[in-house]
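Peer 1: Here it is, the structure in full.
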Amino acid sequence: MTTAEASKSGGMGKDLVVYACLLALAGLQFAIAFQNIDTSQMLVRMLVVAIVEAGLAVMFFMHLWTEKRGFTLFVLVFTIFVLLALQYGWTDSTRMVIGAPFAK
């Protein structure tokens, strides 16, 4: 068995460690939720922890950790592009409430 095959097969140990880290990060989010801080600070802290959690889940449970760097970079850029493209329609969302702007 080559080193590439050994790293892809891994084992349950690495998955359990990552799962334990995800549980710890979820507990950290729970602790952040009960802190007496401003809403903006809470949003930033929760968002940072959520991004770390999502990164761990994608890298290990979807096996992007073993892929080539170019493919991983493509997935990252494509995901950011899709999330930004989804935000394009929000500027037109008030049209549903007030009708077409400047219409008579």
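The values are calculated or read from the model by the stated rules, or taken from the named source; none is laboratory data. Treat the numbers as computed from the prediction; the structure is a model and nothing was measured. Cβ placement follows ideal geometry from the backbone for every residue including glycine, while neighbour counts extend to all protein chains displayed. In case anyone asks, the SASA skips ligands and DNA or RNA and just uses the protein heavy atoms, side chains included. Shrake-Rupley method; radii C 1.70, N 1.55, O 1.52, S 1.80 Å.
Peer 1: Six or more apart or on different chains, Cβ under 8 Å: which pairs go from a residue in the range 42-60 that's more than 13 Å from residue 28 (Cα to Cα) to one that's of a type in the set (Lys, Arg) and surrounded by fewer than 14 Cβ atoms within 10 Å (Cβ to Cβ)? Could you list them?
Peer 2: Pairs found: 60/14.
Peer 1: Could you say which residue among 85, 103 is small (Gly, Ala, Ser) and modelled with pLDDT of 85 or more?
Peer 2: 85
Peer 1: In a loop (DSSP other than H, G, I, E, B) and modelled with pLDDT under 90: is that true of residue 59 in this structure?
Peer 2: Here the answer is no, as residue 59 does not meet what is asked.
Peer 1: Would you please name the residue that is farthest from the chain's Cα centre (by Cα), looking only at residues in the range 40-67 that are aromatic (Phe, Trp, Tyr) and open to solvent by 50 Å² or more (accessible area, probe 1.4 Å)?
Peer 2: Here the residue is 65.
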